[in-house]
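Contents: one structure, followed by commentary.
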Amino acid sequence: MAHAFYYRQDTVFNATTYLAFLEQLARRYRRQGAILIQDNASYHKHGDVWAWFSSNRHWLEVHQLPPYSPDLNPTERLWQHTRKNGTHNGFFSGLDALLATLMRVFGEMQSHPQLIRSYLVPFC
């Protein structure tokens with residue numbers, strides 16, 4: 001069974017923070033292996049990131065999406081679910097309220113994958 005993994009980052013994502021995400025991924029999935037599908041964000045193509053990928057090839061398979069392909073990116077569908085079930089037409093009194101809503105929706109997706117299965121069927 002496929003598992004989703006998300007990582008909360010309080011600052012801007014860049015090569016350094018992406019490497020921290022990858023280390024979290026490694027701690028969780030190094031023994032069983034994983035497949036990572038990523039878009040074309042500049043930090044995904046950074047030399048240090050690709051060096052990390054090279055040294056972790058034995059357990060991690062990385063696939064790059066074609067340029068601008070939201071229809072092929074399951075993350076876009078998860079954001080659609082997040083907007084529909086958390087942020088659409090909502091008012092947030094501050095960043096804490098928005099973060100609480102996002103963490104609730106992400107937690108629901110993680111705890112109850114059946115909620116998002118229909119979004120991901122085309123990718124399985």
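Quick notes on this structure:
- FRET efficiency, residue 46 to residue 117 (Cβ-Cβ, R0 35 Å, nearest 0.05): 0.60
- Solvent-accessible area per residue for the chain (1.4 angstrom probe, square angstrom): 69
- The H on the amide N of residue 62, modeled in the peptide plane, is under 5 Å from the matching H of 36, each at least 5 residues off or on a different chain.
- Relative counts (whole %) of C-alpha pair distances in the range 7-101, using bins that are 5 Å wide: 3, 11, 17, 19, 20, 15, 9, 5, 1, 0
- Couplings 3J(HN,Hα) for the range 10-22, derived from phi with the Karplus relation 6.51 cos²θ - 1.76 cosθ + 1.60 (θ = phi - 60°), are 7, 10, 5, 6, 8, 4, 5, 6, 5, 4, 5, 4, 5 Hz, where x marks Gly and Pro.
- Whole-Hz Karplus values for the range 51-56 come out as 5, 4, 4, 4, 7, 10 Hz, taken residue by residue from phi with 6.51 cos²θ - 1.76 cosθ + 1.60 and θ = phi - 60°; glycine and proline positions read x.
- Kirkwood estimate for the range 79-124, i.e. one over the average of 1/r between Cα atoms, Å: 11.4
- Cleavage-rule hits, chymotrypsin sites (Phe, Trp or Tyr not before Pro), the range 56-124, DSSP coil, Cβ neighbours within 10 Å at most 11: 68, 91
- For the pair residue 24 and residue 103, the difference between a 0.36 nm per residue extended length and the Cα-Cα distance amounts to 26.6 nm.
- Efficiency of FRET from Cβ geometry, residue 91 and residue 39, R₀ 25 Å, rounded to 0.05: 0.25
- For the chain, the carbon plus sulfur part of the accessible surface works out to 55%, probe radius 1.4 Å.
- Dipole in debye (nearest 20) - the range 1-123, about Cα centre, beta carbon charges: Lys, Arg +1; Asp, Glu -1: 320
- When shorter helices are ignored and each DSSP H run of at least 4 residues is given -39500 (n - 2.57), the per-residue value for the chain at 222 nm works out to -13000 deg cm²/dmol.
The values are calculated or read from the model by the stated rules, or taken from the named source; none is laboratory data. In this text, all values refer to a predicted model and were calculated from it rather than measured experimentally. Virtual Cβ from ideal backbone geometry, glycine too; neighbours counted across all protein chains shown. Please note that ligands, DNA and RNA were not included when accessible areas were found on the heavy atoms of the full protein model with its side chains. Shrake-Rupley method; radii C 1.70, N 1.55, O 1.52, S 1.80 Å.
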